[in-house]
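S.K.: Would you mind keeping the following structure in view while I ask a few things?
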Amino acid sequence: MKRLLREAFAHESSGLPDGVDIVVVARPEARVVAESDGLDGIRAALAELIGRARERAAGERR
């Protein structure tokens, strides 16, 4: 699980806005995603979370 998260983060972290730090904690459901969809599923979930972080950061800058 850790390896998949690290690899997914390496691919998706470029989408993070400057000055935003995140902590990734794998919930039990992440294992289900990893087993059924592999790296692509973890990347998609992480991309969604990064998108939310981007929206939140944009809202705070207004």
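S.K.: Residue under question is Arg61, and the condition is that it be of a type in the set (D, E, K, R) and either in contact with a Gly (Cβ under 7 Å, 6 or more places away or on another chain) or at pLDDT 90 or above (or both); does it hold?
M.R.: No; evaluated as a whole, the condition is false for this residue.
S.K.: Go through the range 4-38 and give me each residue that's of a type in the set (Lys, Arg), in a helix (DSSP H, G or I) and either touching a residue at least 40 places away in the same chain (Cβ under 8 Å) or exposed (fewer than 10 other Cβ atoms within 10 Å of the Cβ) (or both).
M.R.: Of the range 4-38, the ones of a type in the set (Lys, Arg) are 6, 27, 31.
Restricting the remaining residues to those that are in a helix (DSSP H, G or I) gives 6, 31.
Scanning the range 4-38 gives no hits.
S.K.: Sticking with this structure for a sec: Could you tell me whether any residue of the range 40-56 is out of contact with any helix residue (DSSP H, G or I) (no Cβ under 6 Å at 6 or more places or on another chain), of a type in the set (Val, Ile, Thr) and assigned to a helix (DSSP H, G or I)?
M.R.: no
S.K.: For the range 39-62, which residues satisfy the criterion of being among the small types (Gly, Ala, Ser) and surrounded by 12 or more Cβ atoms within 10 Å (Cβ to Cβ)?
M.R.: Gly41, Ala44, Ala45, Ala47, Gly51, Ala53, Ala57
The values are calculated or read from the model by the stated rules, or taken from the named source; none is laboratory data. Keep in mind it's a predicted model, so treat the numbers as computed, not measured. Every residue, glycine among them, receives a Cβ derived from its backbone with ideal geometry; neighbour counts consider all protein chains shown.
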